[in-house]
């Protein structure tokens, strides 16, 4: 079912809504399509249209707050198993075709202030970052019910892309002036782009991608967030929220429990995808944070490879009445994993709809990802 932007905002700010929201955030993992086809799945099931998920149309705000400029990607080696190429940052990357959708960087462009200064201009503000025709088109789409989304580079993720995980973690201690310069640069750019646009268009949802945690926890703690990331987040959020923006969502895999409070202080009010395998339990988080934090995802994708009893048990726990009081778009905690039988996925969808009190799926629905 298509939701109007106002309905979605109402849901995620714990307002009054007529029904729960049931979504699929990301779609199929690489390789699952072939598995499902061999098990007799229809084209509509492969496209997820047969499952009648909820969604809200989204449209970009018309501004580019990330990298502008860079290298032209070039393929260096292409085999049946992998592709090696140089990417937009000049990094050599390797993509394993059968198991991944994101290439693994093999090297990084920033090691010190001098190497950062060589590419800093790619992240500085320029007027051409704003497509005013798109701003007007987004305003029209918003009037028809689309959610206007603005993204900004991650305060951890962008430096990680530039330096690698080890490099960025050392940088906080060994080269703090470099980290401050990177974050001040992207903060200035994001502010100037979104400030101009939000004078003409209400941005509904600010979103940021971080992916800063694994199963054992986040790669940085409250001290680094307080010193480096909070000034960046707060600068953008305070400006946008003063102009009507209601939602600030953060995408990060892994165990974010130790830093949730810190990011709440930064302005974040939605987190996803909440991976249970990494220790993220949205029922316990709801008890702890109440209406301060909304969620998307949270249902353990790995139970889909178990039996139907395990699937029902997971759904009865995650979809219990406490969790149906707003502030949640129920869905899997990331892509549907390989090894998930199509019959189990059908059972998962039908059982979830039953518990949530939703009508049986029409099998003539539409699927749009909700990863924003």
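Where a number appears in this text, it was derived from the coordinates with a stated rule and is not lab data. In this text the structure is predicted, and so the values were computed from the model without any measurement. Cβ sites come from the backbone with ideal geometry, for glycine too, and all protein chains shown count toward neighbours.
Before moving on, here are some points about what is shown:
- Sole exception among (1) under 20 Å from residue 14 (Cα atoms); (2) surrounded by 13 or more Cβ atoms within 10 Å (Cβ to Cβ) for residue 357, by number: (2)
- Residues of segment 118-163 classified as touching a strand residue (DSSP E or B) at 6+ places or on another chain (Cβ under 8 Å), outside any helix (DSSP H, G or I) and more than 17 Å from residue 228 (Cα to Cα), total: 9
- Unmet criterion (only one of (1) over 18 Å from residue 68 (Cα atoms); (2) loosely packed, with under 13 Cβ neighbours inside 10 Å) for residue 84: (2)
- Verdict on residue 345 being under 23 Å from the mean Cα position of the chain (by Cα) and in a helix (DSSP H, G or I): yes
- Residues in segment 324-342 that are closer than 27 Å to residue 8 by Cα and outside any loop (DSSP other than H, G, I, E, B): 324, 328, 329, 330, 331, 332, 336.
- Residues of segment 251-267 satisfying the condition of being over 13 Å from residue 224 (Cα atoms), surrounded by fewer than 23 Cβ atoms within 10 Å (Cβ to Cβ) and free of Cβ contacts under 8 Å to residues at least 60 places away in the same chain: 254, 255, 257, 260, 261, 264, 265, 267
- Meeting the requirement of 3 or more residues that are out of contact with any helix residue (DSSP H, G or I) (no Cβ under 6 Å at 6 or more places or on another chain) and either in contact (Cβ under 8 Å) with a residue 40 or more places away in the chain or within 30 Å of residue 185 (Cα to Cα) (or both), the strands (runs of 3 or more DSSP E) wholly within segment 1-110 are 92-96.
- In the set (1) closer than 15 Å to residue 60 by Cα; (2) under 16 Å from the mean Cα position of the chain (by Cα); (3) crowded, with 21+ Cβ neighbours inside 10 Å, the condition left unmet by residue 194 is number (2).
- Among the conditions (1) more than 18 Å from the chain's Cα centre (by Cα); (2) more than 30 Å from residue 128 (Cβ to Cβ); (3) not in a loop (DSSP other than H, G, I, E, B), the only one that residue 180 does not satisfy is (2).
- The listed residue being under 20 Å from the mean Cα position of the chain (by Cα) and under 30 Å from residue 339 (Cβ atoms), out of 8, 82, 55, 96: 55
- The number of residues in segment 200-246 being touching a strand residue (DSSP E or B) at 6+ places or on another chain (Cβ under 6 Å), surrounded by fewer than 23 Cβ atoms within 10 Å (Cβ to Cβ) and within 20 Å of residue 273 (Cα to Cα) comes to 3.
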